[in-house]
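The values are calculated or read from the model by the stated rules, or taken from the named source; none is laboratory data. Just so it is clear, the structure is predicted and the values come from calculations on it, not from any experiment. Don't worry about glycine lacking a Cβ; one is built from the backbone with ideal geometry, like all the others, and counts go over all protein chains shown.
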Amino acid sequence: MVDLLEPYFQRIGYSGPREPTLATLHAIVAAHTRTIPFENLDVLLGRPIVLDIESLLGKLVHDHRGGYCFEHNGLLLFVLEALGFEAQPLSARVRLQRPRDFTPPRTHMFVRVWLEGRPWLADVGVGGLSPTAALRLDVEDEQATPHEPRRIVREDDRLFHQARLGDTWADVCEFTLEQMPPIDREVANWFTSAHPQSHFKNRLVVARAAADGVRHTLLNHELTFRRADGSAEHHRIETPPELLAILDEVFELRLPAGTRIECEGLSWD
C-alpha cells in the first residue's frame, strides 16, 4: 500500500485533525496552495505528465515539485479519499481572461466534496487563482477566502466559478457537474501537455499563494507579487540563470544548473 498521508502532510506542513470535516478540508486546501506551486516546467522540458498515485507522490511530494490541475487535484483526490471524505473529480473549462463567446477545451479538473449532504468545491490546481479555501457549490452568495472573494453562479445549464478582482467578477472556470473519470483525465492531460495548441506548450506559468492574501506568479519573463489590496510589484527576468534563481528563491523549485527553459512566450536574446 502506498504511504500517502504522512509524506503529503509533511510536504504541506499540516499537523491538524484528520477527521473528514469542513475544518479539515479548509485547512488542507489552504496548506496545499501555500506550499505546492502550480507549474508547467516538465511540459516545456519535454517530460511526460503521469497521473498515477506513485508518480504524483514522487513528483509533487518527494521531489518537491509542482504541477498543473490533473496533478494537484489528482493528488488531493487521493488524499481526501484516504481520509474518508466523499469526493469525486469533476470536469471544467478554464475561462481566465477568455470571453464568453469563446469555448475553451474541457481540460480542467477539480474535486467535489460532500459534507453533511452539501457539495463543496476544492480546487488547488487553477494557477494564480487557485482558491485557498473550499467553496460551497449550492449557493450563489459571495464567499470569503484567505485571498480573493469567490462565488458560484448559474446561467442556464452552466455553472461559473468566479473571483472578485477589485470591483470586477472574473470567470475562473465553467462546469456542468459532469464527473471526469480516469480515461477522460488521461485524454485531457495528453492535450494539455502535448498538443501544439495547448497554452502550456507555449508559455511558462508558475504560481503559489502566500500568507496575508499575497500571491506570487510568474508568466514567461514577468514575476509578480500581488497583494490582497490589488497592488502589485513586477520584475522582469532577463537571463536563464536569473530564472532558475527565481524558481528556487520564490517558488522553491530547484532545477539543475544550466537548465534552459524556452517556449514561444519565453525567448532569450
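Points to keep in mind about this one:
- Residue within the range 159-168 that is at positive phi, among the charged types (D, E, K, R) and either in contact with a Lys or Arg (Cβ under 9 Å, 6 or more places away or on another chain) or surrounded by fewer than 18 Cβ atoms within 10 Å (Cβ to Cβ) (or both) present: no
- Hey, PRO89 at pLDDT 95 or above and touching a Lys or Arg at 6+ places or on another chain (Cβ under 8 Å) or not: yes
- Exactly one residue out of LEU218, LEU223 is in contact with a His (Cβ under 8 Å, 6 or more places away or on another chain) and either part of a strand (DSSP E or B) or at pLDDT below 95 (or both): that is LEU223.
- Within the range 45-67, if we keep just the residues that are part of a helix (DSSP H, G or I) and either in contact with a Phe, Trp or Tyr (Cβ under 8 Å, 6 or more places away or on another chain) or small (Gly, Ala, Ser) (or both), the residue that is surrounded by the fewest Cβ atoms within 10 Å (Cβ to Cβ) turns out to be GLY58.
- If you go through the range 78-93 and pick out every residue that is farther than 17 Å from LEU137 by Cα and of a type in the set (A, V, I, L, M, F, W, C), you end up with 5.
- Residue pairs meeting the criteria (Cβ under 8 Å; at least 6 apart or on separate chains; first touching a residue at least 24 places away in the same chain (Cβ under 8 Å), in the range 110-128; second among the polar types (S, T, N, Q) and assigned to a loop (DSSP other than H, G, I, E, B)): LEU115/THR21; ASP123/SER130; VAL124/SER130
- Boolean, THR192 is of a type in the set (Ser, Thr, Tyr), under 24 Å from ALA87 (Cα atoms) and surrounded by 15 or more Cβ atoms within 10 Å (Cβ to Cβ): yes
- For the range 83-113, filtering for residues that are under 17 Å from the mean Cα position of the chain (by Cα), assigned to a loop (DSSP other than H, G, I, E, B) and hydrophobic (A, V, I, L, M, F, W, C) leaves 1.
- Restricting the first member to the range 68-80 and to residues that are surrounded by fewer than 24 Cβ atoms within 10 Å (Cβ to Cβ), and the second to residues that are among the acidic types (Asp, Glu), no beta-carbon pair is closer than 7 Å while six or more apart or on different chains.
- Test: residue in the range 231-250 that is in a loop (DSSP other than H, G, I, E, B), modelled with pLDDT under 95 and within 30 Å of PRO119 (Cβ to Cβ): no
- Scanning the range 233-269 for residues that are more than 19 Å from ARG47 (Cα to Cα), touching a residue at least 24 places away in the same chain (Cβ under 8 Å) and in contact with a strand residue (DSSP E or B) (Cβ under 7 Å, 6 or more places away or on another chain) gives ILE246, VAL250, PHE251.
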